[in-house]
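Here's the structure we're looking at; comments come further down.
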Amino acid sequence: MRMRQSLAQFEQAFAYETKLAERQSERMLRHVHVRSRKRTAERQKKLGSIRFYLLALSLIAIALIVTAAMFETLYLLLV
């Protein structure tokens with residue numbers, strides 16, 4: 001009788017530990033997915049900022065080049 005009770009307790013403890021391990025595994029998996037989504041969002045935001053600054057710089061450069069070319073042409077026409 002004692003052996004059966006001990007075995008039953010062992011099985012019950014094993015089942016309990018198995019459920020705990022499964023919950024912890026699920027929790028860790030969710031945590032990994034959340035971190036992955038955060039990293040992806042941060043990466044996209046950083047790339048978006050870099051692209052915006054490059055666009056702004058290229059527009060400024062184009063405006064300067066066009067202005068310089070316009071005045072060069074105007075100078076050549078008036079001289």
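The values are calculated or read from the model by the stated rules, or taken from the named source; none is laboratory data. Because the structure is predicted, anything quoted here is derived from the model rather than measured. Don't worry about glycine lacking a Cβ; one is built from the backbone with ideal geometry, like all the others, and counts go over all protein chains shown.
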Is there a residue being modelled with pLDDT under 95 and β-branched (Val, Ile, Thr) anywhere in region 4-19?
-> no
Answer with yes or no whether Leu47 is among the aliphatic types (A, V, I, L, M), surrounded by 10 or more Cβ atoms within 10 Å (Cβ to Cβ), assigned to a helix (DSSP H, G or I) and at pLDDT 95 or above.
-> no
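From the list Leu76, Leu57, pick out the single residue that is of a type outside the set (Phe, Trp, Tyr) and surrounded by 10 or more Cβ atoms within 10 Å (Cβ to Cβ).
Step by step, each of Leu76, Leu57 is checked, and only Leu57 is of a type outside the set (Phe, Trp, Tyr) and surrounded by 10 or more Cβ atoms within 10 Å (Cβ to Cβ).
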Return yes or no: is Tyr16 part of a helix (DSSP H, G or I), hydroxyl-bearing (Ser, Thr, Tyr) and more than 37 Å from the chain's Cα centre (by Cα)?
-> no
